Amino acid sequence: MSDSAAWSEAESAVYRDLSRYAVPQRARQVAMVTALVRAAVAAGADGALLDLCCGEGLLSEALLAALPEARVLAYDGSDSMLATTRRRAGDTPRLETRLIDLATAGWRRFERPLGAVVSSLAIHHLDAAGKRALFADLHAALAPGGVFVLADVVQPATAAGQAIAAELWDEEVRRQALELDGDLSGFEAFERAEWNHFRHGGLDPIDKPSSLVEQLDWLRAAGFADVELHWMTAGQMIASGWRR
Ligand SMILES: C[S@@+](CC[C@H](N)C(=O)[O-])C[C@H]1O[C@@H](n2cnc3c(N)ncnc32)[C@H](O)[C@@H]1O
């Protein structure tokens, strides 16, 4: 990722500092994503599991722990994130990490069909056409019975929806800061970084979130069946679609 409008190692470091406050209901999100992948594996989807833009590796770690036979492919565009993922997973041979650029197509070919693809808080770095093309490529990469779990930021459709998302996100971050540290310093750091783009406006050029309805429509257009929304708050959602 050499382009200046691209995620940088500085952003990786800030994300690792703030994500425990800023990502809403993280443990619940990880549990939901894991449950969906477990359902696909239980139903016979037996290929490797791809954690796309794995970041610090929380999902990879949870999948390796929940599914002792599974092989996890953890892909990301940041060397320091991949190193954190390897450390977190304990360097198991069941984990394979790879440096990729999400926007390119070269990494989208796999030796065998995948059992599941999960991705959290990353696909919004692609524009609408990029998301549509990625969804089609991921559908093609999955084995029958495989699931794609998409956790990501959603662009509210209206100013009123944006104000609600802003309020909910601040509330979540305040609650998590108090729970983790007993004070609001985590929330204050989130505020200083102006991470609540629903409140502060001015999206970073690397962030191109799409609306909920668009993303669900594009999943269906890519061929995914039984597309559904599992969870949403603070302008973030978890949805899934299945390859039948
Ligand atoms: C907000 S973090 C989310 C990380 C993790 N999935 C999570 O939920 O905590 C976004 C991740 O996407 C990666 N990323 C951003 N743009 C990328 C690109 N063009 N290609 C590959 N990875 C990218 C970053 O390195 C970072 O790890």
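Sorted by accessible area with a 1.4 angstrom probe, largest first, how do LEU216, LEU50 fall? Walk me through the numbers on the way to the answer.
Working: LEU216 40, LEU50 0 Å².
Largest to smallest exposure gives the sequence LEU216, LEU50.
Roughly how many Å² is the accessible area per residue of the chain, as a whole number, for a 1.4 Å probe? List each step's numbers first, then the result.
Values: 11040 Å² over 244 residues.
Per residue, the chain has 45 Å² of solvent-accessible surface.
For ARG16, project a label point 7 Å along Cα to C-beta. Then give me every residue of region 86-116 with its amide nitrogen under 19 Å of that point.
It comes to 86-92, 96-100, nothing else.
Please say if region 159-200 is rounded, prolate or oblate, where rounded means a/c under 1.5 for a ≥ b ≥ c the square roots of the C-alpha gyration tensor eigenvalues, and otherwise the choice is prolate for a/b larger than b/c and oblate otherwise?
Working: a/c = 4.47, a/b = 1.81, b/c = 2.47.
Oblate shape, in that a/c is at least 1.5 and b/c is the bigger or equal ratio.
With a/c under 1.5 counting as rounded, go ahead and sort region 25-125 into rounded, prolate or oblate using the C-alpha gyration tensor (a ≥ b ≥ c being the square roots of the eigenvalues; past the cut-off, prolate if a/b is larger than b/c, else oblate).
Here region 25-125 falls in the rounded category.
Please give me the summed charge of the neighbours of ALA193: other residues whose Cβ is under 14 Å from its Cβ, Lys and Arg +1, Asp and Glu -1.
Numbers: positive: ARG16, ARG20, ARG192, ARG199; negative: GLU11, ASP17, ASP170, GLU188, GLU191, GLU194, ASP204, ASP207.
Around ALA193, the charge tally is -4.
Explain nothing, just the number: dipole magnitude of region 159-200 about its Cα centre with +1 on each Lys and Arg Cβ and -1 on each Asp and Glu Cβ, in debye rounded to the nearest 20.
Details: 4 positive and 10 negative charges, 31 e Å.
Computed charge dipole of region 159-200: roughly 140 debye.
With every protein chain in place, what's the accessible area of LYS208 (1.4 Å probe, Å², nearest 10)?
Solvent-accessible area, nearest 10 Å²: 80 Å².
Name the shape class, rounded, prolate or oblate, that the alpha-carbon gyration tensor gives for region 174-218, where a ≥ b ≥ c are the square roots of its eigenvalues, rounded holds for a/c under 1.5, and otherwise prolate holds if a/b is larger than b/c and oblate otherwise.
Working: a/c = 4.05, a/b = 1.94, b/c = 2.09.
Cα axes put region 174-218 in the oblate bin.
With everything on Cα atoms, drop me the angle between helix 212-221 and the longest principal axis of the chain, reported from 0 to 90° to the nearest 10.
The angle comes out at about 10 degrees.
At a Förster radius of 25 Å, what calculated FRET efficiency corresponds to the Cβ-Cβ distance of GLU179 and MET232, to the nearest 0.05?
Between GLU179 and MET232 the formula returns 0.75.
If each of ALA225 and ALA129 carries a label point 7 Å out from its Cα toward its Cβ, how far apart are those two points in nm?
That separation, rounded to one decimal, is 3.2 nm.
So, in Å, what gap is there between the alpha-carbon centers of region 171-244 and region 1-43?
Cα centres, region 171-244 to region 1-43: 10 Å.
Of SER120, SER60, which has the most accessible area and how do the rest follow, probe 1.4 Å? Please list the in-between numbers first.
Numbers: SER120 30, SER60 0 Å².
In descending accessible area the options line up as SER120, SER60.
Defining a contact as two alpha carbons under 8 Å apart and six or more residues distant in sequence, what relative contact order in percent does region 159-200 show? The partial results should precede the final answer.
Numbers: 27 pairs, mean separation 20.1, N = 42.
Relative contact order comes out at 48 percent.
Which FRET efficiency value, to the nearest 0.05, is calculated for ALA193 and ARG28 with the Förster distance at 35 angstrom and r the Cβ-Cβ distance? Intermediate results must be reported in sequence, preceding the final value.
Details: r = 23 Å, r/R0 = 0.67.
According to the calculation, E is roughly 0.90.
Please determine, in degrees from 0 to 90 and to the nearest 10, the orientation of helix 9-22 with respect to the longest principal axis defined by the Cα atoms of the chain, where the helix direction is its Cα long axis.
Between the helix axis and the principal axis of the chain, the angle is about 80 degrees.
Loop sites only, by DSSP: take the GluC sites (Glu not before Pro) in the chain that have at most 13 other C-beta atoms within 10 Å and name the longest stretch containing none of them. Display every interim value, and only then the final one.
Working: sites that count: GLU69, GLU111, GLU194.
Between exposed loop sites, the widest span is 112-193.
Let's test the formula: R0 of 41 Å, r as the Cβ-Cβ distance of ASP79 and ILE164. What FRET efficiency results, to the nearest 0.05?
Details: r = 37 Å, r/R0 = 0.91.
Taking R0 as 41 Å, the efficiency between ASP79 and ILE164 is 0.65.
Looking at VAL41, ALA74, HIS230, which one has the Cα that reaches farthest to the positive end of the dipole of the chain (charges on Cβ: Lys, Arg +1; Asp, Glu -1)?
About the Cα centre, the residue reaching furthest to the positive side is VAL41.
Exactly which trypsin sites (Lys or Arg not before Pro) in region 87-123 are in a DSSP loop and have at most 15 other Cβ atoms within 10 Å?
Working: sites: ARG87, ARG88, ARG94, ARG98, ARG108, ARG109; in loops: ARG94, ARG109.
Answer by residue number: ARG109.
For the charge dipole of region 159-200, defined by +1 on Lys and Arg C-beta atoms and -1 on Asp and Glu C-beta atoms about the Cα centroid, which residue among VAL173, ALA163, LEU184 has the Cα displaced farthest towards the positive pole?
So the residue we want is ALA163.
So which residue, out of HIS200, HIS124, HIS139, gets the largest mean-square fluctuation from a GNM of the chain using Cα contacts under 10 Å as springs?
Top of the fluctuation ranking is HIS200.
For region 189-231, give the percent of accessible area contributed by carbon and sulfur heavy atoms, probe 1.4 Å, rounded to a whole number.
Working: 1030 of 2310 Å².
The nonpolar share, carbon plus sulfur, comes to 45 percent.
The values are calculated or read from the model by the stated rules, or taken from the named source; none is laboratory data. Everything numeric in this text was worked out from a predicted model, so none of it was measured. Here the Cβ is made from the backbone with ideal geometry for all residues, glycine too, and neighbour counts use every protein chain on show. Just so you know, the surface numbers come from the protein's heavy atoms only, side chains and all, with ligands and any DNA or RNA stripped out. Shrake-Rupley method; radii C 1.70, N 1.55, O 1.52, S 1.80 Å.
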